[in-house]
Every structure is written in structure tokens, then in C-alpha cells.
Amino acid sequence: MTSSRPFNFAPGPATLPEPVLRQVAEEMLDWHGSGMSVMEMSHRGKEFVSIAERAEADLRELLAVPANFRILFMQGGGLGENAIVPMNLSRGGKVDVVITGSWSRKSAAEARRYADVQIAADIGKTGVIPRDWQLRDDAAYLHLCTNETIDGVEFHDLPQSANGVPLVIDISSHMLSRPIDWSRVGLAFGGAQKNVGPAGLTMVFVREDLLGRALDICPSAFNYETVAAHQSMFNTPPTFAIYVAGLVFQWVKGFEYAGLRGLAAIERQNIDKARLLYEALDASSLYENRVDPSCRSRMNVPFFLKNEALNEVFLADAKAAGLLQLKGHKSVGGMRASIYNAMPLAGVQALVSFLKTFEARHG
Ligand SMILES: *Cc1c(COP(=O)(O)O)cnc(C)c1O
């Protein structure tokens, strides 16, 4: 099926796989002969329970989530988790945070309201993840943002905890783009709207031994132990978002690329897309990416035009060429191409060809 839709490089809410959008449209008025839209179903009815159970099982399979981790479907987004995590895990004690960009900085600031936060290391403006971390052995957890959506900085390997302190990772903008080494993780969280589905759903993967530590002030609906005990149905979950995310999981499971299938195929395509784009930027004398190659994000590629006076015309020409939402985050300026799972290789090829044409005309 060929599409006439433009390529959408939005950072989030972001582009979704077209087959998923088509299926949602087809099932909108009557889900599987139930006579109801998924939006109109009881979250406790057998139809929706089957949707939620399949979504969770598919997600567990795709990411090879071990049996001692619970998967929670919650609300509140990544920013909500910045408070929900310390309320559940810090016991009011110590939390170490490595700052690699805007989102980990926000996480540290929010956690300060609940815990004694120490900045273990700070990337500053260096563009490279610092090596030396000041870690406390008695910290309740160490927080990292493993893909900084605004700054385009990604951890390509998780650190091994030397001191047994649980690792908490914000995976909002690269969840399901690559496998996760769960042996190094205590808790992972992420909002759906970057790489997984519509806004409104937040996924939490929590190791069972970390349940039951919540502060008294933690709202019941945000208490991981309570949510886990009710299979994510303590209160009404974001049903429609769970349904669409479930369709995305099925799409990923069936995804084929370079002789691979499923998450391995998705990851391989993400590697190829990112390489294509970074190579084009590095080869250019008009554009530049300022992140060290050792930690460049496969998902979010910020870049700057060396002649900033061209920014407006760049965006207008890109839009006319069917390349949408390339404007960088207001805090850093420039451009950013978010190339999540649902961005096909053809989208990145179209962007690269536009970059070259634009440079030839204006460079
Ligand atoms: C988008 C994002 C958030 C915030 O998500 P909200 O759903 O808007 O609260 C947090 N962390 C990262 C890494 C993000 O990309």
C-alpha cells in the first residue's frame, strides 16, 4: 500500500505506523463485532480485558521482560513519573542522578521535592556522556534518562551497578527501539506518545522487590504496589491508548527488515536510518550535529544550520517537500528530526535528499 501522507518528524506526539492507523479507523465503530468502539467499553469487560492482556503479553515478549518484573499501564506521562518514582522508591532518602540533558535535569529537580538528590555527573555542554560519576552506596536508586529527546544523547549500553543500587531509567523516547538489558535495571518508565502509541498511556516496568516502598503521601492511583495488585485496573486505565499501543506491538512483532523480524528488524532499521542521517549531516558544510558519535541518539537527531538566517526558509521548504515538524526544541533552537520506529527508511532517505538539495541551493 503506498501512502500519500507526508513524513512527520515530530518528537512526540509522533508519527504512528500507517497500518495501525488504518486498522484503528476500520475498528472505530465496531470492535470485532462487539457493537462498541473500544472507547465505549468497560475496562473490566471481557473485550477490553482481552485487549489489555494481549498488549501486556506482546510487550513482555517483544522486550523479553523477565518474570520478576511487573508491567504497569498508568497515566501521568514521563513528567508524572518524575514525582511518582521518588514517591515509590526513595523512602525519602538519597537519589543520585546523572544529567545528560533536559529530561534528566527535570527529573532531578522534581525528585528534590521528595528526596536528597545528588547530581552524580553532568554533561553540561560537552556533548559527551561523562565518565566519572559520584555515586553513593546508600542511594535508594540511580536515575538516568537513556535517550534525551531534546539533546539527542543516548546511552548505547547501560552501566553495570557496582554498588547494587537499583537503576531507574527514563526510556520515554526510545522504548521499543532496541532491546533492554534487564539485568541492569530496577525500574524503567516511559510515556507512549514518542515511540509506542497515543499520549495518555505511561508504561512502568518495575522489579518486584522494589514494590511496597511507597511514601505515605503517594496517591493510591500512583502507588506501584497497588496498581500491580489490580493488574493496572485500580482506576480506569487509558483504554483507547492501550488498545492503539497494543496494535503497535503487533505491528512491531510482524515487522520485517533485512531478513530479520520483530524487534531485531526494527532495531536494524533504526541503526540504518540513523547512520544515513548522521553521515549526511557530517558530510555537509551547512548542517552540524554537536553530539559525540559515541552517544548520538538513534531516535532524535538535532542539527543546526550554520547560517541561522536560513532556518525559516528551511522549515518552509521542508514542509512544501512533505517533511513535517522538523523545528528543534525551543530551548536549543535549530532543527531536530525524530526518526522513531514508525518512520520508514524512505522518510529518512527523503529527508537526506532534501538536505542535499537545500544545501546546493543555499549553502
Ligand atoms: C517526552 C518526555 C518526557 C515527558 O513526557 P510527558 O508525557 O510529556 O510527561 C519525559 N522524559 C523523556 C525522555 C521524554 O522524551
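Rounded to the nearest 5, the antiparallel percentage of DSSP beta bridges internal to the chain is 55%.
Rounded to the nearest 20 debye, what is the charge dipole size of region 1-137 about its Cα centre when +1 sits on each Lys and Arg Cβ and -1 on each Asp and Glu Cβ? Numbers along the way, then the final one.
Details: 16 positive and 17 negative charges, 124 e Å.
Computed charge dipole of region 1-137: roughly 600 debye.
Projecting the Cα atoms of Ile71, Val168, Met87 onto the charge dipole of region 21-252, computed from C-beta unit charges around the Cα centre, puts Met87 farthest toward the positive end. Of all DSSP bridge pairs formed entirely within region 127-210, close to 50 percent run antiparallel. Among the trypsin sites (Lys or Arg not before Pro) in region 121-186, those placed in a DSSP loop whose Cβ has at most 13 other Cβ atoms within 10 Å are Lys125, Arg131.
For region 226-259, the residues whose backbone nitrogen is under 19 Å from a point 7 Å from the Cα of Arg44, taken along Cα to Cβ, are 226-240. Remark: region 328-336, residue by residue, has Karplus-estimated 3J(HN,Hα) of x, 5, 4, 6, 10, x, x, 10, 8 Hz, where x stands for each Gly or Pro and the curve is 6.51 cos²θ - 1.76 cosθ + 1.60 at θ = phi - 60°. For region 226-231, putting each phi into the Karplus relation 6.51 cos²θ - 1.76 cosθ + 1.60 with θ = phi - 60° gives couplings of 5, 5, 5, 5, 9, 6 Hz, in residue order, rounded to whole numbers and with x for Gly and Pro.
Helical runs (DSSP H, four residues minimum) scored at -39500 (n - 2.57) apiece and divided by the length of the chain put the mean residue ellipticity at 222 nm at -10500 deg cm²/dmol.
Simple spin-label estimate for Lys253 and Ile119 gives 4.4 nm between the two label positions (7 Å along the Cα-to-Cβ direction from each Cα). Relative to the globular-protein estimate of 2.2 N^0.38 Å, the Cα radius of gyration of the chain stands at 1.00. In this structure the chain gives 43 Å² per residue of accessible area when probed at 1.4 Å with all protein chains present.
Within the accessible area of region 21-252, the carbon and sulfur atoms contribute 50%, probe 1.4 Å, all protein chains present. Quarter the surface of the alpha carbon convex hull of region 54-162 and you get the mean projected area, 7.8 square nanometres.
Other residues lying with their Cβ under 12 Å from the Cβ of Leu63 contribute a combined charge of -2, Lys and Arg counting +1, Asp and Glu -1. By the combined test of axial Cα extent (at least 18 Å) and Kyte-Doolittle hydropathy (mean at least 0.0), the qualifying DSSP H helices of the chain come to 239-254, 345-362.
Mind checking the dipole of region 21-252: about its Cα centre, +1 per Lys or Arg Cβ, -1 per Asp or Glu Cβ, Debye to the nearest 20?
Values: 20 positive and 27 negative charges, 64 e Å.
For region 21-252, the charge dipole is close to 300 debye.
Starting from the Cα of Asn311, step 7 Å toward the Cβ, then list every residue of region 321-363 with an amide N under 16 Å from that point. From region 321-363, the list is 325-337.
Would you mind telling me the share, in percent, of accessible area of region 262-363 contributed by carbon and sulfur at probe 1.4 angstrom? Write out the running numbers ahead of the final one.
On the way: 2250 of 4360 Å².
In region 262-363, the share of accessible area belonging to carbon and sulfur is 52 percent.
GNM remark for the chain: springs join alpha carbons under 10 Å apart, and the peak mean-square fluctuation among Ala109, Ala320, Ala350 falls on Ala320.
With r defined as the distance between the Cβ atoms of Ser34 and Ala320 and R0 fixed at 56 Å, what FRET efficiency is calculated, to the nearest 0.05? Please report the intermediate quantities before stating the final value.
On the way: r = 43 Å, r/R0 = 0.77.
The pair Ser34/Ala320 has a calculated efficiency of 0.80.
Note on the chain: with a GNM built from Cα contacts shorter than 10 Å, the maximum mean-square fluctuation among His174, His43, His32 falls on His32.
The values are calculated or read from the model by the stated rules, or taken from the named source; none is laboratory data. Treat the numbers as computed from the prediction; the structure is a model and nothing was measured. Don't worry about glycine lacking a Cβ; one is built from the backbone with ideal geometry, like all the others, and counts go over all protein chains shown. We work out accessible area using only protein heavy atoms, side chains counted, and drop any ligands, DNA or RNA first. Shrake-Rupley method; radii C 1.70, N 1.55, O 1.52, S 1.80 Å.
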